[in-house]
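The values are calculated or read from the model by the stated rules, or taken from the named source; none is laboratory data. No experiment lies behind these values; they were computed from the predicted model shown. Every residue, glycine among them, receives a Cβ derived from its backbone with ideal geometry; neighbour counts consider all protein chains shown. Side chains are part of the model used for accessible areas, which takes the heavy atoms of the whole protein and leaves out ligands, DNA and RNA. Shrake-Rupley method; radii C 1.70, N 1.55, O 1.52, S 1.80 Å.
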Amino acid sequence: GKTRLARQAVACLPSEPAGGTWFFELAAARSVDEICMGVATTLGLVLGHSDPVAQVGHALAARGSMVVILDNLEQCVDDLPATVGRWASLAPEATLIGTSRVALRLLGERELPVGPLTTDEGVALFLERSPVGVPTGDSDEIRSLVEALEGMPLAIELAAARTRLLPVPE
């Protein structure tokens, strides 16, 4: 759902930024240090003993124009001004895109609400989130399920995860 939306937003850019497009999955991050480690690890950055937020911010700034997708930020909203907020100041050429189920409360934040998916998008999400190697059902059954779930991404993800225990019709 959110992740795909962020990637689609990047695909709409006129060209690939010089510093590239970077995707950071932060669902497990619960603190400033964990947010910094999640980003630093993906960047291949080894954090020293000084301020980790500044180290990551300077590493982002060194890459110049870039797109940074920070996925699943809802569990660390209180730490975002101290991390993402500082990075926006330290790396002004970077475009920061955050995904969350709640507003992030950051200066300059623009919210883009995510509505229901189309049936085709919902089917694609269902197949992407279904456990590997588990039969998911035929395409008509999946389409019917997505329509019954009214295209809501979270509901589709939860249903896909359940295919390990229940066939799609159930």
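Return yes when Leu107 is over 17 Å from Gly57 (Cα atoms), of a type in the set (A, V, I, L, M, F, W, C) and not in a helix (DSSP H, G or I) and no when it is not. No. Do the conditions hold for Ile142, that is, is it of a type in the set (Val, Ile, Thr) and within 21 Å of the chain's Cα centre (by Cα)? It is false that Ile142 is of a type in the set (Val, Ile, Thr) and within 21 Å of the chain's Cα centre (by Cα). With respect to the conditions (1) assigned to a loop (DSSP other than H, G, I, E, B); (2) over 30 Å from Gly85 (Cβ atoms); (3) under 19 Å from the mean Cα position of the chain (by Cα); (4) free of Cβ contacts under 8 Å to residues at least 12 places away in the same chain, Leu158 falls short on a single one, namely (1). Scanning region 16-45 for residues that are part of a loop (DSSP other than H, G, I, E, B) and either within 23 Å of Glu93 (Cβ to Cβ) or among the acidic types (Asp, Glu) (or both) turns up Glu16, Pro17, Ala18, Gly19, Gly20, Leu26, Gly44, Leu45.
Considering only region 139-155, state which residues are without any contact (Cβ under 8 Å) to a residue 24 or more places away in the chain and among the charged types (D, E, K, R). The one that is without any contact (Cβ under 8 Å) to a residue 24 or more places away in the chain and among the charged types (D, E, K, R): Asp140. Please determine whether any residue of region 74-92 is of a type in the set (A, V, I, L, M), assigned to a loop (DSSP other than H, G, I, E, B), surrounded by 18 or more Cβ atoms within 10 Å (Cβ to Cβ) and within 16 Å of the chain's Cα centre (by Cα). So far as region 74-92 goes, yes, one or more of its residues are of a type in the set (A, V, I, L, M), assigned to a loop (DSSP other than H, G, I, E, B), surrounded by 18 or more Cβ atoms within 10 Å (Cβ to Cβ) and within 16 Å of the chain's Cα centre (by Cα). Criterion applied to Val168, Val132 was being open to solvent by 70 Å² or more (accessible area, probe 1.4 Å) and part of a loop (DSSP other than H, G, I, E, B), and the one residue passing it is Val132.
From the list Ala103, Ala161, Ala82, Ala148, the one residue that fits, being closer than 30 Å to Asp33 by Cβ and modelled with pLDDT of 90 or more, is Ala82. In the set (1) more than 16 Å from the chain's Cα centre (by Cα); (2) crowded, with 18+ Cβ neighbours inside 10 Å, the condition left unmet by Thr119 is number (2). Here Ala103 meets the list (1) open to solvent by 30 Å² or more (accessible area, probe 1.4 Å); (2) more than 30 Å from Ser89 (Cβ to Cβ); (3) small (Gly, Ala, Ser) almost entirely, failing just condition (2).
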